[in-house]
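The values are calculated or read from the model by the stated rules, or taken from the named source; none is laboratory data. Worth saying up front: this structure is predicted, and the values here are computed from it rather than measured. Virtual Cβ from ideal backbone geometry, glycine too; neighbours counted across all protein chains shown. Surface areas here come from the heavy atoms of the whole protein model, side chains and all, with no ligands, DNA or RNA. Shrake-Rupley method; radii C 1.70, N 1.55, O 1.52, S 1.80 Å.
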Amino acid sequence: MHELAEKYGVTILSNKGKVNKGWAGHVCERFLGLPINSAQSPNFGSWELKSVPIKRLKNGLLSFKETMAITMIDPYHVARTPFEDSHLFAKLQKSVIVARVVGISYSQPTFVHSVTSIDLDEKMFETIKEDYEIIQSCIIDSSRGFSALTGRMGVYVQPRTKGKGHGSTSRAFYARKNFLAKYISLNE
């Protein structure tokens, strides 16, 4: 993927030495002919492309390196929108995930492990809807509100800070590793 990043002019490391966390997803988008964007609607119109890193553990097994950002949380929209009409549901029901094996540092090669589409069965749909409604009720509750959202909420989808952790006021919906494991087989 590093070679493709160079070919498509995707920055992996800024001139300040910071790694662009979204570089691999940007490479996939460019490879598929899509300009980079951050719109809340699915980025290919009928489907959403996501990228998730996986790492090799010392015992040789693969593991998810981190959770997967799904979409930003707009508190005004979430407070007023049922799950079925939400940006979260729109992205999840149309997502394709590119899982990629990464090295210890950004400079080591990264390779596509698998490409998987998300198909929310009834049980998964209901659990994620409950996750959304817990987050929604927190936002609506005048004694808690948007700032009370925490990564401890949700079974499969959690609200977390987006960007520089401490002090960040923005939040996004993230797919937990147990959600990813339902769709991506790592060690079979």
Where a residue in region 144-159 is touching a residue at least 60 places away in the same chain (Cβ under 8 Å) and its partner, wherever it lies, is of a type in the set (Lys, Arg) and open to solvent by 40 Å² or more (accessible area, probe 1.4 Å), with Cβ under 6 Å and at least six apart
Gln158/Arg176
Any chance Ile128 is within 17 Å of Ala69 (Cα to Cα), among the β-branched types (Val, Ile, Thr) and part of a helix (DSSP H, G or I):
yes
All conditions in (1) assigned to a helix (DSSP H, G or I); (2) modelled with pLDDT of 90 or more are true of Ala24 except (2)
Select from region 75-125 the residues that are of a type in the set (Val, Ile, Thr), touching a Phe, Trp or Tyr at 6+ places or on another chain (Cβ under 8 Å) and either part of a loop (DSSP other than H, G, I, E, B) or open to solvent by 70 Å² or more (accessible area, probe 1.4 Å) (or both) and list them in ascending order.
Ile118
Over region 158-186, the set of residues open to solvent by less than 80 Å² (accessible area, probe 1.4 Å), at pLDDT below 95 and among the polar types (S, T, N, Q) is Thr161, Ser168, Ser170, Ser185
Here the qualifying pairs (Cβ atoms under 7 Å; residues six or more apart or on different chains; first in region 87-116 and under 24 Å from Thr127 (Cβ atoms) and basic (Lys, Arg); second in a strand (DSSP E or B) and open to solvent by less than 30 Å² (accessible area, probe 1.4 Å)) come out as Lys91/Glu48; Lys91/Ile70; Lys91/Thr71; Lys94/Glu48
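Determine if region 122-131 includes at least one residue that is farther than 30 Å from Thr11 by Cβ, aliphatic (A, V, I, L, M) and in contact (Cβ under 8 Å) with a residue 24 or more places away in the chain.
Let us first name the residues in region 122-131 that are farther than 30 Å from Thr11 by Cβ, namely 122-131.
Add one more test, that the residue is aliphatic (A, V, I, L, M), and what stays is 124, 128.
Restricting the remaining residues to those that are in contact (Cβ under 8 Å) with a residue 24 or more places away in the chain gives 124, 128.
Checked against the condition, which is being farther than 30 Å from Thr11 by Cβ, aliphatic (A, V, I, L, M) and in contact (Cβ under 8 Å) with a residue 24 or more places away in the chain, region 122-131 yields at least one hit.
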Within region 105-136, count every residue that is touching a Ser or Thr at 6+ places or on another chain (Cβ under 9 Å) and either closer than 13 Å to Ser86 by Cβ or of a type in the set (Ser, Thr, Tyr) (or both).
5
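Can you give me the number of residues within region 64-92 that are polar (S, T, N, Q) and modelled with pLDDT of 95 or more? Write out each step before concluding.
Kept after step one, since they are polar (S, T, N, Q), are these residues of region 64-92: 67, 71, 81, 86.
Next, from what is left, pick out any that are modelled with pLDDT of 95 or more: 81, 86.
The total comes to 2.
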List every residue pair whose Cβ atoms sit under 9 Å apart, with the two residues 6 or more apart in sequence or on different chains, where the first one lies in region 56-74 and is within 17 Å of Ser170 (Cβ to Cβ) and among the hydroxyl-bearing types (Ser, Thr, Tyr) and the second, anywhere, is part of a loop (DSSP other than H, G, I, E, B) and open to solvent by less than 20 Å² (accessible area, probe 1.4 Å).
Thr71/Ser86
Out of everything in region 109-127 that is aliphatic (A, V, I, L, M) and more than 13 Å from Lys182 (Cα to Cα), what residue ends up being nearest to the chain's Cα centre (by Cα)?
Val115
Given the conditions (1) free of Cβ contacts under 8 Å to residues at least 40 places away in the same chain; (2) under 23 Å from Trp23 (Cα atoms); (3) not β-branched (Val, Ile, Thr), and given that Asn178 satisfies all but one, which numbered condition is not satisfied?
(2)
Filtering region 49-74 down to residues that are of a type in the set (Lys, Arg) and in a loop (DSSP other than H, G, I, E, B), which residue is most open to solvent (accessible area, probe 1.4 Å)?
Lys58
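Name the residue, out of Ser41, Ser95, that is at pLDDT 80 or above and of a type in the set (Ser, Thr, Tyr). Even if it seems obvious, please write down each step before you answer.
On the way: Ser41 fails: at pLDDT 80 or above.
Of the residues listed, the single one that is at pLDDT 80 or above and of a type in the set (Ser, Thr, Tyr) is Ser95.
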